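Before any comments, here is the structure.
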Amino acid sequence: MSEYLGKDTFKLGFGLMRLPKNPDGTIDIPQVCQMTDRFIAAGGTYFDTAYVYDDGASEAAFKAAVADRYPRDAYTLATKLNAWLQAHDEQSAKQQFFTSLERTGAGYFDYYLLHALQRNNYDKYDEYHIWDFVKEQKAKGLIKHLGFSFHADPELLEELLDKHPEMEFVQLQINYADWDNPGVAARRNLEICRAHGKPVTVMETIKGGILADPIPEVKAVFDATGIDRSYSAWALRFVASQDYIITALSGMSNLAQMEDNLKTMKDFAPMTEDELAVIRKAQAVLDADQSIPCTGCRYCTEGCPMSIPIPDIFTVANRRKGSPHFRTVREYNIVTQGKGKASDCVQCGQCEGACPQHLPIISLLEKARGMES
Ligand code: SF4
Ligand code: SF4
């Protein structure tokens, strides 16, 4: 395992999935440069992007903020090939690798992943011969370490690790809210990776931002400790305290989040038993909660024939639940303006097949119809 840790001894990874945006929707490159400078100055090295993030703008932002401004040995880069989201045949899937090389300007990838394997899509990586393709790129020196990111059940993880021993690491969704969530199986999947000798990079450490601003009942659990620490810091410390972790990724969206995470990881020590007891209390509260656990990844929206802004509708539904004074209809109309509404859903099922959280989107949208004026 130590070989993979390499120079990434600092356990916070800079996830580039939710980068700060300008009012026109483009990525705020000057702010990303500032965040990068703070990250690297504090000892950070690991950057995580993907071909599909922001339709390529994330990889381009990496080039502008990191590759064009730092020597190659100052950072490690992970990116991902997605055979099911923006690929329609073998050639277009493989082309993603070369496009990513060009977009990032990194010359090679320290970590290269097959992206978001789930029960209903992993066969695409077989069909397009991607497993062999990435091995070939590694043999050419264009990839240092091969892995895959995974959003499915422990049985499939076992099967894939048995079938593909060449995979050196796995990226898993791990956070305290999903630790024993049967739909995510964070704890069990981590145990399987350990048993197979595969170190883990962690995604959704803060569950798409949900754990940075959790429900009031969870906040009360943390507030009662009297410890001066952000809610994100509790989440990040929980993940970084697990062993067999290469890095805990945080998809940071502004400089303030970067500063908070750096503060959390400065002089990091694993959680104490008392702190873990607080986490267990928060987990118990979450188990009783009925909020929709959407992480806002937007994998569901790309193929929706009715252009329904699914995660935005779920955000409104969750906010309504948290506050009796929330102006639900007004907020619902804002997020759906010029787009499809929940009642426009034709139940084609495309979104449910793409959702890494395995949410019953169709039935959740049926309930969301109640927010329409
Ligand atoms: S099931 Fe409904 S929300 Fe999902 S992709 Fe189809 S139309 Fe869109
Ligand atoms: S519904 Fe699922 S796929 Fe869509 S944004 Fe939420 S978590 Fe992602």
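The values are calculated or read from the model by the stated rules, or taken from the named source; none is laboratory data. Fair warning: this is a prediction, and the values are worked out from it, not measured in the lab. Neighbour counts are summed over all protein chains in view; Cβ atoms, including those assigned to glycine, are modelled from backbone coordinates with ideal geometry. Surface accessibility is based on the protein's heavy atoms, side chains included, excluding ligands, DNA and RNA. Shrake-Rupley method; radii C 1.70, N 1.55, O 1.52, S 1.80 Å.
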(request) Could you tell me which of the residues ALA65, ALA61, ALA116 is within 23 Å of LEU157 (Cα to Cα), crowded, with 20+ Cβ neighbours inside 10 Å and assigned by TED's automatic domain parsing to the domain that holds LEU249? (result) ALA116
(request) Identify all residues within the range 344-373 that are away from ligand 2 (no atom under 15 Å from the Cβ), in a helix (DSSP H, G or I), surrounded by fewer than 16 Cβ atoms within 10 Å (Cβ to Cβ) and modelled with pLDDT under 95; write none if there are none. (result) ARG369, GLY370
(message) With the requirement that a residue be under 23 Å from LEU172 (Cα atoms), open to solvent by 50 Å² or more (accessible area, probe 1.4 Å) and not polar (S, T, N, Q), what does the range 245-268 give you?
(response) PHE268
(request) Identify the residue in the range 126-144 that is of a type in the set (Lys, Arg) and not in a helix (DSSP H, G or I) and, among all such residues, is surrounded by the most Cβ atoms within 10 Å (Cβ to Cβ). (result) LYS144
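Residue by residue, here is whether (1) under 17 Å from LYS138 (Cβ atoms); (2) out of contact with any Pro (no Cβ under 6 Å at 6 or more places or on another chain); (3) assigned to a helix (DSSP H, G or I); (4) not β-branched (Val, Ile, Thr) holds:
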| position | (1), (2), (3), (4) |
| --- | --- |
| TYR70 | no, yes, no, yes |
| ASP73 | no, yes, yes, yes |
| LEU77 | yes, yes, no, yes |
| LYS94 | yes, yes, yes, yes |
| PHE98 | yes, yes, yes, yes |
| ARG103 | no, yes, yes, yes |
| HIS115 | yes, yes, no, yes |
| ASP123 | no, yes, yes, yes |
(request) Having 3 or more residues that are within 16 Å of ligand 1 (Cβ to nearest atom) and more than 30 Å from GLY197 (Cβ to Cβ) is the bar; report the helices (runs of 4 or more DSSP H) wholly within the range 244-343 that clear it. (result) 310-322, 328-336
(request) Looking only at the range 145-166, count how many residues are more than 18 Å from THR76 (Cα to Cα) and outside any helix (DSSP H, G or I). (result) 7
(request) Say whether the condition of being assigned to a loop (DSSP other than H, G, I, E, B), aromatic (Phe, Trp, Tyr) and in contact (Cβ under 8 Å) with a residue 40 or more places away in the chain is met by at least one residue in the range 215-222. (result) no
(message) Among the residues that make up the range 262-271, is at least one of them of a type in the set (D, E, K, R) and at positive phi?
(response) yes
(request) Test ALA50 against the criterion of being part of a loop (DSSP other than H, G, I, E, B) and under 20 Å from the mean Cα position of the chain (by Cα), and give yes or no. (result) yes
(request) Being near ligand 2 (Cβ under 9 Å from one of its atoms) and touching a residue at least 60 places away in the same chain (Cβ under 8 Å) is the filter; apply it to the range 275-324 and report the residue that is surrounded by the fewest Cβ atoms within 10 Å (Cβ to Cβ). (result) GLY296
